[in-house]
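See below for the structure under consideration.
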Amino acid sequence: MDTLKRDLFYNTIIIHYKKGVFILAKHYDQAYKDHVSKLVVEQGRKASELSYELEISPKTISRWVKDYRTRINGGKPNEPFITPTELEKLKKQHEKELAQLREENEILKKAMHIFTKNQA
């Protein structure tokens, strides 16, 4: 049994015994919740596929992701969360727009110089 599954096993608490079947509630530490949330938020994994792989309810994973985004946004749940990859895309887009505007500015400066030279 690998360490992650062993830790989860030891963190499992028996809630009650009903009809000969143990009903278990699993408690996960915050580091594990953050790890799963990062898989969804930053790597774009789906909560449904992670729930199948990790044997955790998709609703639980969605709640963890919501809490993670709230903590990362500084307690502002209504603000959109931007992943690092989205941030890099925005940065490249802004740099491209800036280069285009600088080029247009240089063209206008040259055109203005030509027009003022012809008037004199």
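Please treat every number below as a calculation from the coordinates, not as lab data. Keep in mind it's a predicted model, so treat the numbers as computed, not measured. Positions of Cβ are generated from backbone atoms using ideal geometry, with glycine treated the same way; all protein chains shown enter the neighbour counts.
Miscellaneous remarks
- Computed from the Cβ-Cβ distance with R0 of 22 Å, the FRET efficiency linking THR85 to LYS46 stands at 0.85.
- The GluC sites (Glu not before Pro) of segment 31-120 meeting both criteria, a DSSP state outside H, G, I, E and B (loop) and at most 10 other C-beta atoms within 10 angstrom of the site's C-beta, are GLU55.
- DSSP-loop trypsin sites (Lys or Arg not before Pro) across segment 34-120, with at most 12 other Cβ within 10 angstrom: LYS46
- The calculated FRET efficiency for the pair ALA99 and GLN119, based on their C-beta separation and a Förster distance of 35 Å, comes to about 0.65.
- In terms of distances greater than 21 angstrom between alpha carbons, the cross-link table entries LYS66/LYS92; LYS46/LYS66; LYS46/LYS96; LYS33/LYS59 yield LYS66/LYS92; LYS46/LYS96.
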